[in-house]
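Notes for the one structure printed next.
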Amino acid sequence: MRWLKFSVRVVSWPLSHGLSYAVVVQLRNDYRIRLARTEDIRPALLMKLQAWREAYGHLRPESFFTEQEDQLEAQVQWWERGIEAGAQFYVAELADGTIIGLAGGTPVIDEDKDTGVEIELGMLYVLSPLYGTGVGEHLLETVLCRRDALVWVLEQNARARAFYAKHGFEADGTGEDLAGCWEGLREIRMVRKRG
């Protein structure tokens, strides 16, 4: 693991139900990316929820995020079972252990095999103060190792689409309208083939 340098401002976030998530970052602080452990699940999920608020807050009502908070314990247990079964994901963390990003990939499902790639970037989340610092790119390449890959991204998330395009992904014309708590939104598939 290699420590990298970056600069961000001091930020903190209040969450409902008495939960809080804070990142206090000093200028020129260090971060590293490493394989997640079971004890990382709860802080990683809290960080992911904050990243969702930042990225999707204009697309989802507050009740969506409150419901996610209410389901935190069930999500922690589900992720614990996944890690016990061999699933892996990576976290970006500060020197003090604060998680500031996470990413993971999986083999593509049958419905996506028409792309000719073998890995799907299943998740990549970084807190908004870290946009543009290289943390997201570092997580992306840690998971994908410069391989051909695909990612499903919200069509309404212009920032994410631009990030993936910058890293060689192109929309391939495949999309899907979402249902349930994501109803009203659409995902598009972006594929990266390095040739």
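The values are calculated or read from the model by the stated rules, or taken from the named source; none is laboratory data. Since this is a predicted model, take the numbers as computed values, not measurements. So basically every Cβ, Gly included, is an ideal-geometry build from the backbone, and we count neighbours across all protein chains shown.
Could you go through the range 20-42 and let me know if any residue there is at pLDDT below 50, assigned to a loop (DSSP other than H, G, I, E, B) and touching a helix residue (DSSP H, G or I) at 6+ places or on another chain (Cβ under 7 Å).
no
Look through the range 143-166, keep the residues that are crowded, with 18+ Cβ neighbours inside 10 Å and not aliphatic (A, V, I, L, M), and return whichever of them is nearest to Lys113 (Cα to Cα).
Top of the filtered list is Tyr164.
In the range 168-187, is there at least one residue being surrounded by 18 or more Cβ atoms within 10 Å (Cβ to Cβ), in contact with a Lys or Arg (Cβ under 8 Å, 6 or more places away or on another chain) and without any contact (Cβ under 8 Å) to a residue 40 or more places away in the chain?
To start, the set of residues in the range 168-187 that are surrounded by 18 or more Cβ atoms within 10 Å (Cβ to Cβ) comprises 169, 187.
Subsequent filtering for residues that are in contact with a Lys or Arg (Cβ under 8 Å, 6 or more places away or on another chain) retains 169.
This time we only want the ones that are without any contact (Cβ under 8 Å) to a residue 40 or more places away in the chain, so: 169.
There is at least one residue in the range 168-187 that is surrounded by 18 or more Cβ atoms within 10 Å (Cβ to Cβ), in contact with a Lys or Arg (Cβ under 8 Å, 6 or more places away or on another chain) and without any contact (Cβ under 8 Å) to a residue 40 or more places away in the chain.
Just give me the residues in the range 54-70 being of a type in the set (Asp, Glu) and within 15 Å of the chain's Cα centre (by Cα), in sequence order. Even if it seems obvious, please write down each step before you answer.
We begin by selecting, within the range 54-70, every residue of a type in the set (Asp, Glu); these are 54, 62, 67, 69-70.
Listed by number, the list holds a single entry, Glu54.
Can you tell me which residues in the range 113-140 are farther than 20 Å from Ile188 by Cα and more than 13 Å from the chain's Cα centre (by Cα)?
Residues satisfying the conditions are Pro129, Gly132, Thr133, Gly134.
Considering only the range 76-119, state which residues are among the hydroxyl-bearing types (Ser, Thr, Tyr) and under 23 Å from Tyr31 (Cβ atoms). Lay out the reasoning, then the answer.
So in the range 76-119, the residues among the hydroxyl-bearing types (Ser, Thr, Tyr) come out as 90, 98, 106, 115.
Across the range 76-119, the qualifying residues are Tyr90, Thr98.
Please tell me if Arg60 is assigned to a loop (DSSP other than H, G, I, E, B) and either among the acidic types (Asp, Glu) or under 25 Å from Ala179 (Cβ atoms) (or both). Don't jump to the end; show me each part of the working.
On the way: assigned to a loop (DSSP other than H, G, I, E, B): yes; either among the acidic types (Asp, Glu) or under 25 Å from Ala179 (Cβ atoms) (or both): yes.
Judged against the criteria, Arg60 is a match.
Across the range 83-96, which residue is farthest from Gly136 (Cα to Cα) among those that are in a loop (DSSP other than H, G, I, E, B) and in contact (Cβ under 8 Å) with a residue 12 or more places away in the chain?
Filtering the range 83-96 down to residues in a loop (DSSP other than H, G, I, E, B) leaves 85-89, 95-96.
Right, trim to in contact (Cβ under 8 Å) with a residue 12 or more places away in the chain and you get 87-89, 95.
Values: Ala87: 21, Gln88: 17, Phe89: 14, Ala95: 17 Å.
The extreme case among them is Ala87.
Looking at the range 105-137 only, could you name the residues that are assigned to a strand (DSSP E or B) and touching a residue at least 60 places away in the same chain (Cβ under 8 Å)? If you could, list the steps in order and put the result at the bottom.
Just the residues of the range 105-137 that are assigned to a strand (DSSP E or B), to begin with: 105-107, 119-126.
Hits for the range 105-137 are Met123, Tyr125, Val126.
Taking the range 65-109, which residues are crowded, with 16+ Cβ neighbours inside 10 Å, hydrophobic (A, V, I, L, M, F, W, C) and under 24 Å from Val153 (Cβ atoms)?
Phe65, Trp79, Phe89, Val91, Ala92, Ile99, Ile100, Leu102, Ala103, Val108
In the range 138-163, how many residues are of a type in the set (Phe, Trp, Tyr) and either within 22 Å of Ala85 (Cβ to Cβ) or in a helix (DSSP H, G or I) (or both)?
Taking the range 138-163 first, the residues of a type in the set (Phe, Trp, Tyr) are 152, 163.
Among the residues that remain, those that are also either within 22 Å of Ala85 (Cβ to Cβ) or in a helix (DSSP H, G or I) (or both) are: 163.
Of the residues in the range 138-163, 1 are of a type in the set (Phe, Trp, Tyr) and either within 22 Å of Ala85 (Cβ to Cβ) or in a helix (DSSP H, G or I) (or both).
Is it the case, given these coordinates, that Gly101 is over 15 Å from Asp40 (Cβ atoms) and modelled with pLDDT of 95 or more?
Values: over 15 Å from Asp40 (Cβ atoms): no; modelled with pLDDT of 95 or more: yes.
Answer is no for this residue.
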